[in-house]
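The structure under discussion appears below in the form of structure tokens.
The values are calculated or read from the model by the stated rules, or taken from the named source; none is laboratory data. Here the structure is a predicted model, which means the values were calculated and not measured. Neighbour counts run over all protein chains shown; Cβ positions are idealised from the backbone, glycine included.
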Amino acid sequence: MGLPRLLIAGLLALLPLAAAAQDSTQKEIERYRQMLAEGNPADLFEARGEELWKTKRGPKNASLEQCDLGLGAGVVKGAYARLPRWFADTDRVQDLESRLVTCMTTLQGYTVDEAMKNPFSSPDRKSDMEALASYVAGQSRGMKLDVPIVHPKEREAFAIGEQLFYRRAGPYDFACASCHGENGRRIRLQELPKLTDPKDAQKIFTTWPAYRVSQGTVRTMEHRLYDCYWQMRHPQIDYTSDAAIDLMVFMAKYANGGEIAAPGLKR
Amino acid sequence: MRRARVIVFAAAVAATAAMPGCATQPPGDDAGARARAEEVFRQSFTRGNRQMAARVEQQDEVQKLCSAWRNQPPKDVAEKIEQAQMATIQYPASGKLMGDWRQGEKIAQDGYGLRFTDPDPKRANGGNCYNCHRISKQELSYGTIGPSLYQFGKLRGADEAVQKYVYGKIFNPQAFLACSNMPRFGHNGVLTEEQMAHLVALLLDPDSPVNK
Amino acid sequence: MADPMRIRASMQGDKVEVKVLMAHDMETGLRKDPDGKLVPAHFIRNVGVTHGGRTVLSAQWGTSISRNPFMHFRFKGGKPGDKVTITWVDNKGDTRTDEAVISAGG
């Protein structure tokens, strides 16, 4: 019977069309992103961050220019590529923002509450942290991510982050792995990296912080986690908490070796 | 001689443990990391919504198991989960499993509810279905975390057995697939009976755009 | 005084390619603040680009342009070393002018 074979051939012929339709949507989205990348508003944040870094502020009237981000006091170039990491002075694994809080308190004399009171910009109130993060991250542009997981506390951070990544909870039964545990998936039209696959992690983890057009401001990895937990029907994760930093160390293990393209540009 | 028997016994136990389908150690269970992670979790959600924090701090049995097995439980664990979850499914007392597909489409599009920015208790939760699924032909902004549901009713018909399956799947997806990524919308109190019936209609009603 | 614009001007063939990023909140006047009050409209109304005293681009914007606008355009008649001057004026009468030197390009 020729008919079934014809039917199958017809169906098979349609498959590349369906795939092509998907491809052309992806291509158009990529073309749009390329166009936008030439005018990244994150540039404005980098400039403001550099100014904030060098301005004397706070009760001690000091700048952040002596801040140790892991490569020695005042060394900004390359520091972001090696964060998070363990710090001897605080005996804690810290990410960029946590370290900025440390320096704002020890060098500039702010209290911890003052330093942490405005982590994320709203249209009515700009956050200094986003500008500072943009500046510091930009100073590692083009370098390979090289987050150390060597010190016992760094290794513990990885182990905890791994547990948290798979932790299912709340009314949606969601874990990070629910969206980020498989290749080739997307939520609505937003592609989702498989964060335990270096092929995805190396390309995506390294584009944070980024100017998010939908938010009208630069957002950092701290905000990304806060935003993820919002969608996962969890409450607000504490800014610079151990859970947030441990998750970053976990993700960094798979992202290490990727080229830093921050501050990036995203929807 | 005793030592040899002990060695043989130990080898036999190890061999059994390595057989597929038998419950061995979950991958996520190293040296107390899970307990320490619970403590870190508890200490990291302290300054936001306390009611929501209390809810997520407590994992139920299925959430604990699926976390430990990283959503790939061995066969015997999976079967136990599916049996237990099947027992939780409650069908509407009225027996009416198909509602209005137009309402279903609205529910499928709507992501409102249960986030820390959703304060209005009078507004119904959405089903968020398009985040993960392709559903109607017209909606191009769909996700691919779950399979496409386009033509669902057309391919399977809409008799009572299919209706019961779809309603049950939405109520508790883990009754059919242990550690499924899909939320247990009925069991967890996300959607009401009426809402789930509208979603059944969205998928099965011959007039629904899903089946056109 | 508002934050400076970031301007890049370079030769692309016989045309000058200009990319400018402006720092501006571009409030539509339809947004409510956390207290529920409408945030007044505050947006760039006019943009003018001059080269050698001649206007090469003139634009009238409204509330549909989003925050931190980015503009990319080309014009003829410039050469490396020349200055390009960009000015914006917003609905409150605030204004900002910045200039860039045309580079040889790539």
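Here are some notes:
- Count of the stretch A:36-52 residues, restricted to those that are farther than 15 Å from C:D3 by Cα, surrounded by fewer than 19 Cβ atoms within 10 Å (Cβ to Cβ) and either within 8 Å of chain C (Cβ to nearest Cβ) or at pLDDT 80 or above (or both), is 2.
- Scanning the stretch A:46-77 for residues that are touching a residue at least 12 places away in the same chain (Cβ under 8 Å) and either outside the structural domain of A:R224 (by TED's automatic domain parsing) or under 22 Å from A:K153 (Cβ atoms) (or both) yields A:C67, A:D68, A:L69, A:G70.
- Scanning the stretch B:148-196 for residues that are within 14 Å of chain A (Cβ to nearest Cβ), among the small types (G, A, S) and under 20 Å from B:P92 (Cβ atoms) returns B:A175, B:G186, B:G189.
- Candidates in the stretch B:104-128 are the residues that are buried (at least 19 other Cβ atoms within 10 Å of the Cβ) and farther than 15 Å from A:P171 by Cα; of these, the one that is farthest from the other protein chains (Cβ to nearest Cβ) is B:G104.
- Scanning the stretch B:133-147 for residues that are within 13 Å of another protein chain (Cβ to nearest Cβ) and of a type in the set (S, T, Y) yields B:S141, B:Y142, B:T144.
- Answer residue from the stretch C:61-75, given it is among the aromatic types (F, W, Y) and out of contact with any Lys or Arg (no Cβ under 7 Å at 6 or more places or on another chain) and is surrounded by the fewest Cβ atoms within 10 Å (Cβ to Cβ) among those: C:F73
- Of residues in the stretch B:36-67 being more than 8 Å from chain A (Cβ to nearest Cβ) and aliphatic (A, V, I, L, M), the one nearest to the chain's Cα centre (by Cα): B:L65
- Residue match in the stretch A:239-252 (condition: more than 14 Å from chain B (Cβ to nearest Cβ), in a helix (DSSP H, G or I) and surrounded by 19 or more Cβ atoms within 10 Å (Cβ to Cβ)): yes
- Highlighted here are the helices (runs of 4 or more DSSP H) found entirely within the stretch B:71-161 that include at least 1 residues which are more than 18 Å from B:E194 (Cα to Cα) and not assigned by TED's automatic domain parsing to the domain that holds B:Q51: B:75-86, B:152-156.
- Some residue of the stretch A:229-238 being among the polar types (S, T, N, Q), free of Cβ contacts under 8 Å to residues at least 12 places away in the same chain and buried (at least 20 other Cβ atoms within 10 Å of the Cβ): no
- Considered as a group, the residues in the stretch A:152-170 that are aromatic (F, W, Y) and farther than 16 Å from A:I237 by Cα include one that is farthest from the other protein chains (Cβ to nearest Cβ), and that residue is A:F158.
- Subset of the stretch C:25-76 (residues that are out of contact with any Phe, Trp or Tyr (no Cβ under 8 Å at 6 or more places or on another chain), of a type in the set (A, V, I, L, M) and within 11 Å of another protein chain (Cβ to nearest Cβ)): C:V39, C:M71
- Qualifying residue in the stretch A:117-127 (condition: of a type in the set (S, T, N, Q), within 11 Å of chain B (Cβ to nearest Cβ) and free of Cβ contacts under 8 Å to residues at least 24 places away in the same chain): no
- Scan of the stretch A:188-207 for residues that are crowded, with 23+ Cβ neighbours inside 10 Å and touching a residue at least 60 places away in the same chain (Cβ under 8 Å), ordered by number: A:F205, A:T206
- The C-beta contact set for the stretch A:78-105 (first residue over 23 Å from A:K56 (Cα atoms) and free of Cβ contacts under 8 Å to residues at least 60 places away in the same chain, second residue β-branched (V, I, T) and surrounded by 23 or more Cβ atoms within 10 Å (Cβ to Cβ), distance under 8 angstrom, 6+ apart or interchain) comprises A:F87/A:V93.
- The single condition among (1) surrounded by fewer than 21 Cβ atoms within 10 Å (Cβ to Cβ); (2) over 19 Å from B:S67 (Cα atoms); (3) free of Cβ contacts under 8 Å to residues at least 24 places away in the same chain that B:K169 does not satisfy is (1).
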